[in-house]
1. Give the distance, in whole Å, between the Cα centre of the stretch 255-329 and the Cα centre of the stretch 147-182.
2. Please list, in order along the stretch 409-416, the HN-Hα scalar couplings obtained from phi with the Karplus expression 6.51 cos²θ - 1.76 cosθ + 1.60 (θ = phi - 60°), rounded to whole Hz, x for Gly and Pro.
3. Can you compute 3J(HN,Hα) from phi for each residue in the stretch 135-146, using the Karplus curve 6.51 cos²θ - 1.76 cosθ + 1.60 with θ = phi - 60°, rounded to whole Hz and x for Gly and Pro?
4. Starting from the amide H of residue 421, placed 1.01 Å from N in the peptide plane, find each other amide H under 5 Å away whose residue is 5 or more places distant or on another chain.
5. I'd like the Karplus ³J(HN,Hα) series for the stretch 169-181: coefficients 6.51, -1.76, 1.60, θ = phi - 60°, whole numbers in Hz, and an x wherever there's a Gly or Pro.
6. Around residue 254, which amide H atoms from residues at least 5 apart in sequence, or from another chain, sit under 5 Å from its own amide H, with H modelled in the peptide plane?
7. Based on the alpha-carbon gyration tensor of the stretch 63-202 and its eigenvalue square roots a ≥ b ≥ c, which shape applies: rounded if a/c is under 1.5, prolate if not and a/b is larger than b/c, or oblate?
8. So, counting K/R as plus one and D/E as minus one, what does the shell of residues with Cβ under 14 Å around residue 112 add up to?
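The values are calculated or read from the model by the stated rules, or taken from the named source; none is laboratory data. Not measured: the values here are computed from a predicted model. Glycine gets a Cβ as well: all are built from the backbone with ideal geometry, and neighbour counts include every protein chain shown. Surface areas here come from the heavy atoms of the whole protein model, side chains and all, with no ligands, DNA or RNA. Shrake-Rupley method; radii C 1.70, N 1.55, O 1.52, S 1.80 Å.
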Amino acid sequence: MKSSRRSFIALCAAALALPLLFGSRQAPRRATFTPQIPTANRAAGNRVFLEKADVLYKTEADSFMVVSGNVEFTKGPMIMRCDSAHYFPGSESFEAFGNVNMQQGDTLFVYADELNYIGPEEVAYLFADYGKKVRMINRDVTLETDVFTYDLRTDVGYYNVGGVLTDKQNRLVSQEGEYLPASKDANFYINVHLNSLSDKDTLDIYTDSLFYNTTTHLAELFSPSTVVNARGTIYTTDGLYDTQLDTAALYARSTVVSPEGRSMTADTIYYDRPAGIGECFGSMVLVDSVRSVMLEADYGFFNQQTDSAYATGHMLIKEYSEGDTLYLHGRQINAYRLFDTVVIPAIPADTIADTPAIPASSRVDTTHVADIFPRVRFYRSDMQGICDSMRVTEADSMLRMYVSPVIWSEERQIFGNIIEIHFNDSTMDRARLPEFGFSSQRVADDFYNQISGKEMIAYFTAGELSRLDINGNVELIMYPEEQDSTVNKMVNAQSSFLTAKFKGRVTEMIKMWPETTGSATPLFLLRKSMLFLPKFRLYNGVRPLSPSDVMIIPREMDELMDGSPRLSQSAQQTKAAAPMRHSLTNETLK
């Protein structure tokens with residue numbers, strides 16, 4: 001009997017010792033409860049409530065309660081679930097383990113393997129096991145990272161160990177980021193890459209600071225950024241890009257580069273990519289590296305669909321294909337593509353050659369055209385010019401100058417009603433004055449070789465006048481050189497046609513036909529009234545003398561372009577020159 005009693009006591013002692021043998025967290029004494037749902041107001045003080053769990057127990061040594069099985073906490077509208085947790089009622093904090101998820105309404109979900117919620121700070125730290133990710137899902141937005149911090153007080157989630165945010169439009173990768181579920185705003189920092197998920201086109205944005213909204217799909221850029229798509233590349237430090245509409249607003253001297261080698265820089269650029277329309281404001285610089293052309297202006301507009309562009313305000317064009325830069329100014333430029341229908345006549349059948357008839361047809365030819373106006377001025381070291389309007393057509397390589405055009409080359413001046421210039425590989429090879437032309441070349445002091453006619457065609461070699469043809473109403477005044485390179489007479493002649501050949505400043509040959517009238521006058525017999533042809537004019541007062549001079553419009557040029565009957569100051573001075581010096585010698589005209 002005594003032995004049976006001892007066995008029973010030993011068995012009871014062994015049973016009491018079992019909690020000491022299993023689980024270091026268990027104390028000699030514990031109490032196990034079935035949790036009851038508290039009746040406190042859930043909105044009061046925005047507190048954390050343990051809503052349910054299958055098991056709850058606590059040891060005297062621990063400051064937390066252990067809950068397990070279908071654990072659920074709430075904090076305001078946020079529900080937090082897990083397999084088990086350590087709950088600290090005093091600070092309303094807890095550590096959650098296994099199948100952790102947070103839910104707010106039916107739109108926001110966060111999934112993790114571990115959660116550490118700090119009650120006083122109202123901040124949740126979520127962690128993922130190796131090979132897995134913490135995921136936040138907000139409707140069609142998914143954010144993935146290894147460690148995610150969610151501030152419930154401000155409703156902001158963020159990471160700093162690398163993460164990926166994906167919506168219907170884009171995928172964004174960054175080292176650091178934050179997401180605001182309520183406003184759908186996301187901020188990304190360090191090694192940011194936005195990649196479009198569209199099948200229609202490509203879009204990649206690389207930057208270190210990007211603000212993004214997952215509803216509007218607007219990307220705001222605040223650091224050196226590169227935007228790459230099939231139509232070009234954008235470089236900016238301050239801009240707004242609508243990734244859904246493919247439109248951009250760029251600031252702070254942004255640059256757009258096209259695949260064809262064109263680049264455009266301005267203080268502000270608005271670009272609608274689908275429409276192919278862009279506007280530039282403030283110190284615009286357009287560079288065409290293929291054609292070696294640069295355009296500067298205050299404002300620019302372009303339409304890729306119609307292949308047209310417009311620029312104005314302190315406009316300056318630089319053409320540098322030949323090494324020597326041409327500087328050209330006008331108040332505005334309008335460039336566009338000109339369409340022309342060409343009719344191809346029918347070809348009848350040839351019964352002998354047994355070929356069928358070919359019906360009439362037509363084709364549409366196009367050419368690029370640029371109109372520059374008004375008050376056009378240009379400068380190159382070997383050539384300068386002015387006019388009120390200018391048209392450049394690419395198909396025939398022609399430049400046409402309208403309204404009082406004047407061209408200078410060293411001591412030579414050419415003017416007329418219209419001047420047409422043909423270029424061969426950006427080099428002027430001929431010029432035509434179809435309605436009236438006047439060419440003069442200074443010989444010495446107030447002595448000028450002069451040629452005037454109805455139609456004038458000048459040919460140039462290596463930038464110098466080599467031949468001149470005149471058709472109709474030919475008049476000339478020349479100071480021919482003798483064999484010893486001296487000048488002792490002036491020749492005045494009139495005819496219907498003329499051909500002259502030049503070599504440098506020397507006239508090698510002049511041919512006039514069919515009939516020629518005129519006279520040769522020794523220098524010592526010259527009178528002032530004989531020095532100039534009736535239409536002689538000098539426009540030295542409006543001649544550009546340097547690259548910067550093309551931007552200055554003299555008053556005399558305004559008067560000339562407006563049709564003022566007054567001559568330029570230089571011309572007036574020439575006409576009012578002092579009487580001829582009878583002591584003039586041949587050496588003066590060498």
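1. 39
2. 9, 6, 8, 9, 10, 10, 9, x
3. In residue order, the calculated couplings are 10, 10, 10, 10, 6, 9, 10, 10, 10, 10, 7, 7 Hz.
4. Under 5 Å from the amide H of residue 421: 399, 400, 401, 432.
5. With the stated coefficients, the stretch 169-181 comes to 9, 9, 10, 10, 10, 7, 6, 10, x, 9, 9, 10, x Hz.
6. 266
7. Numbers: a/c = 2.12, a/b = 2.09, b/c = 1.02.
It is prolate, given that a/c is not under 1.5 and a/b is the larger ratio.
8. On the way: positive: 81, 132, 133, 135; negative: 83, 95, 113, 114, 129, 144, 146.
Here the count lands on -3.
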